[in-house]
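Asker: Got a structure here, written out as C-alpha cells. Questions coming.
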Amino acid sequence: MKIGIVGLPNVGKSTLFNSITKAGAECANYPFCTIEPNVGMVTVPDERIDKLAEIYHPQKVTYATIEFVDIAGLVKGASKGEGLGNKFLSHIREVDSIVHVVRCFEDENIAHVDGSVDPIRDIETINLELCLADLETIEKRLERAKKSLKADKKFQTEIDLLEKIKSGLESGIPARNIELNDDEKEIIKSSFLLTLKPILYVGNISENEIENPESNPNLVKLEEYAKKESSEVIPLCVKIEEELSGLDKEDKAEMLEALGLSESGLDKLIKASYKLLGLMSFLTAGEPEVRAWTIKKGTKAPNAAGKIHSDIERGFIRAEVISFEDLMKAGGSMATAKEKGLIRSEGKDYIMQDGDIVLFRFNV
C-alpha cells in the first residue's frame with residue numbers, strides 16, 4: 001500500500017519525506033527539484049509491539065510498514081502538461097492515498113510559487129488540476145457507456161453515476177466529497193480517479209508555533225477547510241521533524257520533552273496514514289518473534305491467518321484470541337489471562353480487531 005506525498009513546490013514535501021524515511025531524497029529551494037518520485041518504506045510506530053517485546057524478549061521484533069512516495073510539486077496547468085504535469089499525475093494515480101503538505105508558515109527567505117502564503121488557495125490549485133484530470137477520465141468513460149447503452153440498457157446506471165461525478169468535478173468538488181453509495185463506489189472503483197483517493201493534510205508550521213499550533217491563522221483556516229470534508233490535519237514543523245529524525249532514541253525523547261511534546265509529528269503522521277489506508281494490525285507474540293501483521297479492516301480470521309502462511313488459512317480450525325488491553329490487565333501473562341478466561345476461541349466468521357494477539361490452530 002502506497003501513500004503519495006503531494007503539494008505545491010517548496011512547501012516542505014521532500015524535507016518531510018527525508019524525515020520520515022531517512023532515505024536522503026534530494027531537497028532544494030526551487031520548483032521541480034523532485035522529478036522522479038522517491039520511494040521509502042516506513043515502520044509504523046506501535047507501543048503495543050514495544051511492550052510485548054519487553055515481556056517476551058524475542059529474538060526478532062517486526063513492526064508493520066507502509067510505503068511513502070515523494071511526488072514532485074504540482075503547479076497550475078498540470079492537467080494540461082504544465083511543469084511536467086502529466087508525469088506527476090501518473091505518479092499520483094499509482095498511490096492508494098494522499099498526504100497533502102500545505103505551507104502555513106511565513107518566511108521571506110523561502111520562495112512560494114504563487115508569491116504569498118495562502119493554504120486554501122494552494123489546496124484548491126491542486127484540487128483543480130486533479131479534478132480536471134479526472135474530468136477527462138470520466139468524459140472518456142461516459143462516451144463509452146453511452147455507446148454501450150444501445151446494446152444493453154444496464155449501462156444507464158453507470159451513465160447516471162458518471163453524470164453525477166462529472167457535475168461535481170466541473171464545480172471543483174473532488175470525487176471523494178461526492179456522496180456515493182456502496183454500489184456506486186464499486187462501479188467507479190475501476191476508473192482509479194485521483195480525487196477519489198482518501199486524503200490527509202499536513203500543515204507545515206514554524207518552529208515557534210510548535211507549542212501552540214492554533215496561534216497560526218493559516219493552520220486554523222486549513223483545519224476549518226479539512227473539517228468540511230471530514231479529513232484530518234496533522235500540524236507539524238518539517239524543519240524540527242528533520243532534526244528529530246537524525247537523533248537517537250534518548251536524544252529524541254529529550255528534545256521532545258524540551259518542546260513539550262509527547263510524540264513527534266512524524267509518528268502521528270505515520271499512524272494516521274496507516275489508518276487512512278484502512279489498515280490495522282493483529283499481533284503474534286512469543287520468544288522467536290513479536291510481530292505486527294498488516295490487514296485491511298473487516299478481515300476475517302482465516303484470511304488473517306493466510307497473511308502468516310497460506311497453509312494456515314487452508315487448514316484453519318480456530319483462532320485463540322486475546323486483545324492487547326486484556327493481556328495487559330493480566331499483567332502480560334498468557335497463563336494468568338487463560339485462568340481469568342480472557343482468551344477467546346473464535347471461528348471462521350470472526351472479524352479481526354486492531355490489536356488482537358492471536359494463535360491460529362490449523363491442520364493440513
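The values are calculated or read from the model by the stated rules, or taken from the named source; none is laboratory data. What you see is a predicted model; the values in this text were computed from it and never measured. Cβ: placed from backbone, ideal geometry, glycine included. Neighbour counts: every protein chain shown. These area figures cover heavy atoms from the full protein model, side chains too; ligands, DNA and RNA do not enter into them. Shrake-Rupley method; radii C 1.70, N 1.55, O 1.52, S 1.80 Å.
Asker: Please work out which residue is most open to solvent (accessible area, probe 1.4 Å), limiting yourself to the range 173-205 and to residues that are among the small types (G, A, S) and over 17 Å from I126 (Cα atoms).
Answerer: Only one residue fits best here, namely S190.
Asker: Next up: Those residues that are over 29 Å from the mean Cα position of the chain (by Cα) and either open to solvent by 60 Å² or more (accessible area, probe 1.4 Å) or of a type in the set (D, E, K, R) (or both), I need them from the range 306-333; list them, please.
Answerer: Listed by number, the residues that qualify are D311, R314, I317, R318, E320, K329, G331.
Asker: In the range 250-257, is there at least one residue being within 15 Å of P45 (Cα to Cα) and either assigned to a helix (DSSP H, G or I) or open to solvent by less than 30 Å² (accessible area, probe 1.4 Å) (or both)?
Answerer: The answer is yes; a qualifying residue exists.
Asker: Tell me which of these A272 doesn't satisfy, since it passes every other one: (1) free of Cβ contacts under 8 Å to residues at least 60 places away in the same chain; (2) in contact with a Leu (Cβ under 7 Å, 6 or more places away or on another chain); (3) among the small types (G, A, S).
Answerer: Against the list (1) free of Cβ contacts under 8 Å to residues at least 60 places away in the same chain; (2) in contact with a Leu (Cβ under 7 Å, 6 or more places away or on another chain); (3) among the small types (G, A, S), A272 comes up short only on (1).
Asker: All but one of (1) over 28 Å from S245 (Cα atoms); (2) open to solvent by 10 Å² or more (accessible area, probe 1.4 Å); (3) of a type outside the set (V, I, T); (4) under 27 Å from the mean Cα position of the chain (by Cα) hold for E287; state the number of the condition that does not hold.
Answerer: So the condition that E287 fails would be (4).
Asker: How many of the residues making up the range 143-162 are free of Cβ contacts under 8 Å to residues at least 12 places away in the same chain and buried (at least 16 other Cβ atoms within 10 Å of the Cβ)?
Answerer: Result for the range 143-162: 1.
Asker: Find all pairs meeting these conditions: Cβ atoms under 7 angstrom apart; at least six residues apart or on different chains; first residue within the range 177-205 and touching a residue at least 40 places away in the same chain (Cβ under 8 Å); second residue of a type in the set (S, T, N, Q) and in a helix (DSSP H, G or I).
Answerer: S191/T137; L193/T137; L200/S273
Asker: Restricting attention to the range 285-304, report how many residues are part of a loop (DSSP other than H, G, I, E, B), of a type outside the set (D, E, K, R) and more than 19 Å from S323 (Cβ to Cβ).
Answerer: Total meeting the criteria: 1.
Asker: Follow-up. Which of the residues that make up the range 146-162 are over 24 Å from S90 (Cβ atoms), aliphatic (A, V, I, L, M) and assigned to a helix (DSSP H, G or I)?
Answerer: Once the filter is applied, which keeps residues that are over 24 Å from S90 (Cβ atoms), aliphatic (A, V, I, L, M) and assigned to a helix (DSSP H, G or I), the range 146-162 yields L149, I159, L161.
Asker: Mind listing just one residue for me: the one in the range 206-239 that is over 26 Å from N109 (Cα atoms) and open to solvent by less than 60 Å² (accessible area, probe 1.4 Å) and, of those, nearest to the chain's Cα centre (by Cα)?
Answerer: Result: S231.
Asker: Let me ask something else about it. What number goes with the only condition from (1) among the hydrophobic types (A, V, I, L, M, F, W, C); (2) under 24 Å from L256 (Cα atoms); (3) touching a residue at least 12 places away in the same chain (Cβ under 8 Å); (4) assigned to a helix (DSSP H, G or I) that I165 does not pass?
Answerer: All conditions are met except number (2).
Asker: Could you check how many residues of the range 1-21 are open to solvent by 10 Å² or more (accessible area, probe 1.4 Å), closer than 18 Å to V117 by Cβ and small (G, A, S)?
Answerer: Final tally of qualifying residues: 1.
Asker: Kindly provide the set of residues from the range 207-234 that are without any contact (Cβ under 8 Å) to a residue 24 or more places away in the chain and among the polar types (S, T, N, Q), ordered by number.
Answerer: The answer is N208, N212, S215, S230.
Asker: Would you check if there is a residue in the range 279-288 being in contact (Cβ under 8 Å) with a residue 60 or more places away in the chain, within 28 Å of F360 (Cα to Cα), touching a helix residue (DSSP H, G or I) at 6+ places or on another chain (Cβ under 9 Å) and acidic (D, E)?
Answerer: Yes: the range 279-288 contains one or more residues that are in contact (Cβ under 8 Å) with a residue 60 or more places away in the chain, within 28 Å of F360 (Cα to Cα), touching a helix residue (DSSP H, G or I) at 6+ places or on another chain (Cβ under 9 Å) and acidic (D, E).
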